[in-house]
1. Which one of these is within 27 Å of the chain's Cα centre (by Cα) and either without any contact (Cβ under 8 Å) to a residue 24 or more places away in the chain or open to solvent by 10 Å² or more (accessible area, probe 1.4 Å) (or both): A:GLN579, A:GLN627?
2. Answer with yes or no whether A:ASN748 is crowded, with 22+ Cβ neighbours inside 10 Å, more than 9 Å from every other protein chain (Cβ to nearest Cβ) and over 26 Å from A:GLN1028 (Cβ atoms).
3. If I ask for residues that are more than 21 Å from the chain's Cα centre (by Cα), closer than 19 Å to A:TRP392 by Cα and open to solvent by less than 30 Å² (accessible area, probe 1.4 Å), which ones from the range A:155-198 would you list?
4. Counting only residues that are at the interface with chain A (Cβ under 9 Å from one of its Cβ atoms) and without any contact (Cβ under 8 Å) to a residue 60 or more places away in the chain, how many does the range B:158-173 have?
5. Taking the range B:121-144, which residues are open to solvent by 30 Å² or more (accessible area, probe 1.4 Å) and of a type in the set (Phe, Trp, Tyr)?
6. Can you tell me how many residues within the range A:800-816 are in contact with a Ser or Thr (Cβ under 8 Å, 6 or more places away or on another chain) and either polar (S, T, N, Q) or at pLDDT 90 or above (or both)?
7. Being under 13 Å from the mean Cα position of the chain (by Cα) and aromatic (Phe, Trp, Tyr) is the filter here, so list the residues in the range B:124-178 that pass it.
8. Could you list, ordered by first residue, the pairs with Cβ atoms under 7 Å in which the first is in the range A:784-798 and within 13 Å of B:PHE8 (Cα to Cα) and facing chain B (nearest Cβ under 8 Å) and the second is of a type in the set (Ser, Thr, Tyr) and open to solvent by 10 Å² or more (accessible area, probe 1.4 Å), at least 6 apart or interchain?
Amino acid sequence: MPGKLKVKIVAGRHLPVMDRASDLTDAFVEVKFGNTTFKTDVYPKSLNPQWNSEWFKFEVDDEELQDEPLQITVLDHDTYSANDAIGKVYIDIDPLLYSEAATVISGWFPIYDTIHGIRGEINVVVKVDLFNDLNRFRQSSCGVKFFCTTSIPKCYRAVVIHGFVEELVVNEDPEYQWIDRIRTPRASNEARQRLISLMSGELQRKIGLKVLEMRGNAVVGYLQCFDLEGESGLVVRAIGTACTLDKLSNTSAFLPACNSPSKEMKEIPFNEDPNPNTYSSGPSTPLKNQTYSFSPSKSYSRQSSSSDTDLSLTPKTGMGSGSAGKEGGPFKTLLRQQTQSALEQREFPFFTLTTFPPGFLVHVGGVVSARSVKLLDRIHNPDEPETRDAWWAEIRQEIKSHAKALGCHAVVGYSESTSICEEVCILSASGTAAVLNPRFLQDGTMEGCLEQRLSWQPGFFSIGSEKGEVDFFPQSQDSSSLLGIEEASPPGCGFCHIPYDELNMPFPAHLTYCYNCRKQKVPDVLFTTIDLPVEAIVVGKGCLIQARLCRLKKKAQAEANATSISNLLPFMEYEVHTQLMNKLKLRGMNALFGLRIQITVGENMLMGLASATGVYLAALPTPGGIQIAGKTPNDGTYEQHISHMQKKINDTIAKNKELYEINPPELPEEIIGSPIPEPRQRSRLLRSQSESSDEVTELDLSHGKKDAFVLEIDDTDAMEDVHSLLTDVPPPSGFYSCNTEIMPGINNWTPEIQMFTAVRVSRLSNINPTNQTLNKNFNDLCENLLKSLYFKLRSMVPCCLCHVNFTVALPEDELVQIAVTAVAITYDKNQALQANKAPTEKSQQRASTDNEEQLQFPLELCSDPLSSQPFSPAKEVLEGASSHTGIPAAQRATSVDYSSFADRCNSWIELIKLKAQTIRRGSIKTTTSLEKASPLAEGYLRHRSVPSGTNSTVSVVKMTPLSFLPGAKITKYLGIINMFFIRETTSLREEGGVSGFLHAFIAEVFAMVRAHVAALGGNAVVSYIMKQCVFMENPNKNQAQCLINVSGDAVVFVRESELEVLPPQPAAAAQPTGAAGDVTT
Amino acid sequence: MSSDLDVFVGNTTLIDEEVYRLWLDGHSVAEAVARRLRGGLLEREATSVAVLQSDTRDHYRTFQMLERLLHAPPRLLQQLLFQIPPERQALLVQRYYAFDEALARELLGKKLSKGTKKELDEVSARTGVGIRSCRRQFDNFKRVFKAVEELRGPLAENIQQLFLLPPSLARDYAAIVFFANSRFETGKRRLQFLSFGDFAACAQSMMAHWSQGALAPEAAEPDGDLPKSFLQDLKELKVLVTDKDLLDQHKSLVCSALRGKISVYNELEANFKVIEPCRSDKWSPGDLRLFLQHYTAAPRNLPGFRHQALWERYMAAISACLLRMFHD
């Protein structure tokens, strides 16, 4: 028995009335885990029962602990008939299984019923005692940490990044089992919820096992998805990046709970360590501790070397002395050997991460993607999900070969998705081909590395990566030239330099010398799926760019359907790509980040939606304009029309340049960015489609001999294409938007955030729809939705919509469903205004000085501000300081954690920023306080200070799709939140129709996420994502059903302003203040 | 392309004060959109009617879901469904329970029954308050009345506790409950000139001086009910009016005390007990105050009058009421 789960049911409140006669409820609770059930006493005649139960104890395997959710059911006791269920609470106890996450789950949980929604709340306390049992971890992987965040979590350091982990499990969908015909919808929904919860647990455990095999201790960028394949079953699949992480704040190594059940383990190593000095004198680095800390669980690691095994027993000495950065010279060879064996296992050099430490990314080749159309058939043996595995393996193989073709040995920002309609399924995978540089730390900035480790700053790859990724390094090809690059190229542009051979390019591309360093070749445009690297030099601001597309398809069955979809895919990709390129040019930008292309299949159409954040990279050439050419030049009016359009386009480009402050420094010697279009279209997209028969169609995206920047108008369709280009309305003033983590060009965030989900379902009412009208409808739908968001959030101006994530579904014949989740973050207007003050010449200057400063960035930041700028709250001084340091810092401000130098100096910069903010806030107060000063409010506040029993305020929990909270420091990761809910109604009209139904359900999902986070002791969810929102309605029957799957990382954060005041007690300070600083909209 | 389903849900619930106002006033979504348009929102925000409609619907849905919680404000503070900052919660409650004085004046002293609710159409027409708003306000009165009806202790404080209202609003509700409970007829023509505020002030002084709680804070009866014993005792005071002798003596005592101090002395004698003559004779509030002082104090010197304490308790409230009523 490796574990004991203890549960206490304290009380309930606001229960629904279950007995009409008395208007009361006789409630009791069933607590179930695995096959064991406990019951509380019945608390008669109360809507606010106080059970105050004993501790219910479950003695269970840790495997069970990982797989099973804790099920709490609240029932109404009925003497004469069956007890009525009030609702349920599922609690994932996984966060209690690792030593550094939560120690107890305690709080009020909404009681949820799939038919009635939330019905009151229940107060529960859950604890887990793990026993130290080193001999049996075959099946469980307790203690492996999971993070949704796609970067190294803020209070950790990556010792090793091992690489890609994936797993999938399949089962029959209870909704499609025979029994479903005779049971109630509630029973069916609950069976489904339970099954998916169980499958997620199992999946997580299996992935954990793989991580342990790789000798990692965490999964970062964990993405778990469901495929509701209907009749053919239910697939739960997950991908992630295995890492060995090291907690930064405390000196003890991060060990899995199972291996080291909390306190005991920490003492045991010391006691058992026969001779710690032997090792601390040697090069005992944190890496070794990390690598071998798992040795007790893995037999083969014992074989590696006796000294290594022993090292695992000295975690603390390693952290203490080894942190000074003594490189494990003698160990290097050993490490490399081990890595090689690890690499042999590694089939796919993929990374689900989207943000990396500066310099880790040597070159970025471009986007690689692969799609495949499959026909679903029943999964016959759920225990051997080989078909699905094979499908994905095939696609991944393709991605890998695409990356190779681009001269890259790794794929970063990797993700997978599916779209299912009836029995047809499109599997998609995409990522960014890249060359990673594990040597960077070792060779290039050794000192930086030293400094970094001394200062204990978070999120930096240390020595570990040097071993981990050595073999990715394309040594055979051009290791010498790469070394040259390392030394010569400044960090701000290196990643833009082409990784492929100039003479043997995988596709036609126009290359120029880098506009930043002048030494290496760069392409003219760059598409990527990752976030903007922190070190990238950017001119102006970024913006959200979307390509939207509909294609009609004939209704067909099985093979024929799959074939027609396969045939359509290349054209869709091509058009999506063209649209993206045109829209990018229209904004005067030259690179896309965070590109995500979604192809959705419906019964009679396909939809494509691509979202990305456009930026102007200083290293890349200025994009040319867009020229329109007519086919019939003789026609006078036509000519006039064309020239009119051309003028409109030119105006738009000029306007956009002003709007996004794109004023690149002028380069006198080689002006390549002439308005006359370049002769060829370059594509960073390599993709292929394969149909069920596995044919691979490669597509030449170079547009043949056509000029990419010239739009030929030969028919009305083309005319409309041009029109639609121009219909994208820029966001209203004060708003910016992007789909990446941070908005390039904005860095002075203020702490106010508002995360939201918006869902729209529209009916395409055309009787005879054409591609054109559908395109227009779809385009309008997206544009209107964005417009609506801007209006909703107008009170937050100036603000930026970050991580704007659109998902498209085609639930029925003529229905299009769009779901958007994003976060609006306010930023400091003063600095924005300042930037506006210097519109043209000045910003050019700034941009060029930018570059210079970037080159010597670390030096400047470290020495200059600290020494020469005396700290003073006076505003002029502050602004003076920021004009020196603020701009380079600007581009890294929100993710400074990654850079050692930036980070060390950062605290100082932030201090200035904070002071500046408090000053500004003071002046703003006069306007905002108007509302608070109303006598009613004052009276109320006064009143509220009067103690009253009912005033137990609910603690505020922030939610954000980003991995950070502006103006706050994440001090603790409490565990992954992964929740799946089903809601159904048979009284749709009474619940306010489809909108009323879904509005309430989404609010309920948010509430349940917040309650779980609060019960874990957290005050925020980061990297929140709504992975699925499947909505089905049957208005004739007055019915609707919806499934929602969300995930994120529960964290504890502390406001930076409080960190300064009270550094020693972060967790305690966090909760009340989080509440105080919350959004007031 | 019509939108069947259209929702926006924020982690922090968005509350638009203007839309809340329109919702409270009982406007339909269409009316609310029309009013928002008239407010010039379209031009200011450069948006479209469709956006405005969608936004208004979102807010209305939110308010409808919140209404259940607003009926028991402490639940609003405890609930987990909507994350609303405390000052916004306060605003929601205050606005929800704020009422039109004209409406409250109409309903003052009436039984808060179904019958009265049916008459709300007329009240709505007279006061110009929308019928839906009238009903909501009526329901608020009734809800507060029901909640505190049986409770001990000071009425206003009970209301404040149960409904988290600011003190002034809680006092107004206490007055409404007081009148509804004691059914004072406030609809008489002679009292038409008095506003809700006047009555509320009167109710407060009556509760302050006459209620059980005013004498013994731990009293068993709610403050809304006037204690029966007190009403019984008041009968004893009738002697001051019914006994001709006492009446005359009382009068002359007051008169002599006031001689020379009140400018309108001549009419003094005629003015006992009634307020209208005072008004018609243009008394100043100061005069009235002085008069009432002496009128209250005088019986002390009356031979054989044994109820001075009771009399003073009675007169304390009466004086306050008369002074309040005595305005233009």
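1. On the way: A:GLN627 fails: within 27 Å of the chain's Cα centre (by Cα).
On inspection, the qualifying residue turns out to be A:GLN579.
2. Working: crowded, with 22+ Cβ neighbours inside 10 Å: yes; more than 9 Å from every other protein chain (Cβ to nearest Cβ): yes; over 26 Å from A:GLN1028 (Cβ atoms): yes.
Yes.
3. A:VAL169, A:VAL170 - these are the residues of the range A:155-198 that are more than 21 Å from the chain's Cα centre (by Cα), closer than 19 Å to A:TRP392 by Cα and open to solvent by less than 30 Å² (accessible area, probe 1.4 Å).
4. Within the range B:158-173, the subset at the interface with chain A (Cβ under 9 Å from one of its Cβ atoms) is B:160-162, B:164-170.
From what is left, the residues that are without any contact (Cβ under 8 Å) to a residue 60 or more places away in the chain are B:160-161, B:167-168, B:170.
Result for the range B:158-173: 5.
5. Filtering the range B:121-144 for residues open to solvent by 30 Å² or more (accessible area, probe 1.4 Å) gives B:121-122, B:125-128, B:130-132, B:135, B:139, B:142-143.
Result: no residue meets the conditions.
6. Step one: of the range A:800-816, the residues in contact with a Ser or Thr (Cβ under 8 Å, 6 or more places away or on another chain) are A:800-806, A:808-810, A:814-816.
Imposing the further condition that a residue be either polar (S, T, N, Q) or at pLDDT 90 or above (or both) reduces the set to A:800-806, A:808-810, A:816.
Summing the residues that are in contact with a Ser or Thr (Cβ under 8 Å, 6 or more places away or on another chain) and either polar (S, T, N, Q) or at pLDDT 90 or above (or both) in the range A:800-816 gives 11.
7. B:PHE138, B:PHE141, B:PHE145, B:TYR173, B:PHE178
8. A:LYS787/B:THR47; A:LYS787/B:SER48; A:PHE791/B:THR47
The values are calculated or read from the model by the stated rules, or taken from the named source; none is laboratory data. Small disclaimer: the values here were computed from a predicted structure and weren't measured. Ideal geometry is used to build each Cβ from the backbone, glycine not excepted, and the neighbour counts take in all protein chains shown. Note: accessible area is taken over every heavy atom of the protein model, side chains too, but ligands, DNA and RNA are not part of it. Shrake-Rupley method; radii C 1.70, N 1.55, O 1.52, S 1.80 Å.
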